[in-house]
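No lab work stands behind these numbers, since they all come straight from the coordinates. Keep in mind it's a predicted model, so treat the numbers as computed, not measured. Note that each Cβ is placed from the backbone with ideal geometry, even for glycine, and that neighbours are counted across all protein chains shown.
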Amino acid sequence: LLTVSLFIFFGLQNPAFFNVDFVIYPLLRDGATLTVIGLAQLCVLSIGHLNLAVGRMAAVSALVAGASYQYWGLSLVQGAILGVLAGALLGAITGWIIVKSQVNAFIVTLAMDFALIGFVTFIYVTFTGATAAFTTKPQGMDFWRSKSFGDICLGPICGPSALPMMLVPAIVCLILVGFMYSKTRLGRELLSTGSNLRAAKLSGIPTENRIMTAHIFSGTLAGIGGLMLAYTNGSFTAAIGSQVMLPSFLGPILGGTLLAGGAVAVLGTFIGTMMTLVIRQGLSVQGIGLETLNIALGLVLLAALSVGQIQKMFTSFKIRSKK
């Protein structure tokens, strides 16, 4: 409701905000991509961890896919599968390091982020020189980049031209992640691990395995998000994923996912992501500069974290008072 209200507010301030081709379509397309990135963050938030390397994992996945298109001549689907597998592998490595070293996930993923920055930049510069990009476009890539539901067929069945095809992978990811956390034993064990690690371990849950599983899911979804970013940009560059760190937290946390773990809001991640983009786009249409936009989004995240912490303190106080 708040997201819709903000959208209407900005539209009334400037009617250009209601433009389908230049505002609504890009807004939904970017929202779909950042929702998947947000789900990647949500998976590790569910166990009380963070993934500060989510953007670089996306970049590596795009790099692998781009290289497979340019040098190996693979199809769109084949390259995409390799890219997603690369993301899953990075997630597995990250989870394994955390489990075996017992080092805080914040430190491990921060180190992974820096390592992947150097790796991605080195590979692009080595193989592409000054361009620092893989530019080969496999058949079908432009379809995901620029087509909408309305381009498939006419009539109410396919939907309007404002709905980008990028919504399809986002919806699939939302359904699968939502089903896992709400209907499966694995999802419940992940949440239990995040809620109370010691209690989960005593109850027989293989917590180390679940930590690795959460990071594998995070890397996989980051890989999908990286491909969506590359398809949207129309090329594969080292800059892919460099701007998704803050949005990856904003979506889940604004949507209701707890930073401390133990509770997730899958659909809320989409809503929180769209709220963030509406605020960003609305302020941009009003002529607000990039620096001010980032300050505003940072304050929104701080407010969301503060509300969550206050709710947690209030709940703890109620429990103690009952005792």
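Report the relative contact order of the stretch 163-225, percent, no decimals, based on alpha-carbon pairs under 8 angstrom and at least 6 residues apart.
19
Around Glu208, what is the net charge, scoring Lys/Arg as +1 and Asp/Glu as -1 over all other residues with Cβ under 14 Å from its Cβ? Mind showing how you got there, number by number?
Numbers: positive: Lys100, Arg198, Lys201, Arg210; negative: Glu189.
Net charge in that neighbourhood comes out at +3.
Please tell me the relative contact order of the chain in percent, rounded to the nearest whole number, where contacts are Cα pairs under 8 Å and at least six residues apart. Show your work: numbers first, answer last.
Values: 551 pairs, mean separation 106.4, N = 323.
Relative contact order comes out at 33 percent.
Considering only the other residues whose Cβ falls under 13 Å of the Cβ of Ile98, what net charge follows from Lys and Arg at +1 and Asp and Glu at -1?
Residues close to Ile98 contribute a combined charge of +1.
Please report, ordered by residue number, every helix of the chain (full DSSP H runs) that is 27 Å or longer along its axis going by C-alpha atoms and whose mean Kyte-Doolittle hydropathy reaches 1.0.
Flagged H segments are 25-45, 76-101, 105-128, 266-285.
Across the chain, how many lysine pairs separated by 8 or more positions, or lying on different chains, have Cα atoms within less than 26 Å?
Numbers: Lys100/Lys201; Lys137/Lys147; Lys183/Lys201; Lys183/Lys312; Lys201/Lys312; Lys312/Lys322; Lys312/Lys323.
Summing the qualifying lysine pairs gives 7.
Sort 213-221, 77-85 by the packing proxy (mean of other Cβ within 10 Å over each peptide's residues), most packed first.
Descending mean neighbour count gives 213-221, 77-85.
Please list the non-local residues whose amide H lies under 5 Å from the amide H of Ser148, H modeled 1.01 Å from N, same-chain partners needing a gap of 5 or more.
Distant-sequence amide H within range of Ser148: Met165.
Among Trp144, Leu299, Leu82, whose Cα sits farthest toward the positive end of the charge dipole of the chain (+1 at Cβ of Lys/Arg, -1 at Cβ of Asp/Glu, about the Cα centre)?
Value: Leu299.
Expressed in nm to one decimal, what extension gain is obtained for the pair Ser101 and Ala115 from 0.36 nm per residue of sequence separation less their Cα-Cα distance?
Numbers: separation 14, 0.36 × 14 = 5.04 nm, distance 1.75 nm.
Length gained, Ser101 through Ala115: 3.3 nm.
Might you report the magnitude of the Cβ-based charge dipole of the stretch 23-149 about its Cα centre, with Lys and Arg at +1 and Asp and Glu at -1, to the nearest 20 debye?
It comes to approximately 120 debye.
Toward the positive end of the charge dipole of the chain, about the Cα centre and with charges on Cβ (Lys, Arg +1; Asp, Glu -1), which of Gly73, Ala260, Leu163 goes farthest?
Toward the positive end, the furthest listed residue is Ala260.
Given a cut-off of under 8 Å on Cα pairs at least six residues apart, what relative contact order in percent is computed for the stretch 148-280?
Worked out over the stretch 148-280, it gives 18 percent.
Would you work out the charge dipole size for the chain about its Cα centre, treating the Cβ of every Lys and Arg as +1 and the Cβ of every Asp and Glu as -1, and quote it to the nearest 20 debye?
1240
What's the center-to-center distance, using Cα atoms, between the stretch 88-115 and the stretch 167-200 in Å?
If we compute the Cα centre of each part, the gap is 20 Å.
If each of Arg185 and Ala260 carries a label point 7 Å out from its Cα toward its Cβ, how far apart are those two points in nm?
Using points 7 Å along Cα→Cβ, the separation is 2.9 nm.
Would you mind calculating the gained length between Glu291 and Val20 on full extension (0.36 nm times residue separation, minus the Cα-Cα distance), in nm to one decimal?
94.9 nm
Of Phe17, Ile98, Gly38, whose Cα points farthest to the positive end of the dipole of the chain (charges on the beta-carbon: +1 Lys, Arg; -1 Asp, Glu; origin at the Cα centre)?
Going by the Cα projections, it comes out as Ile98.
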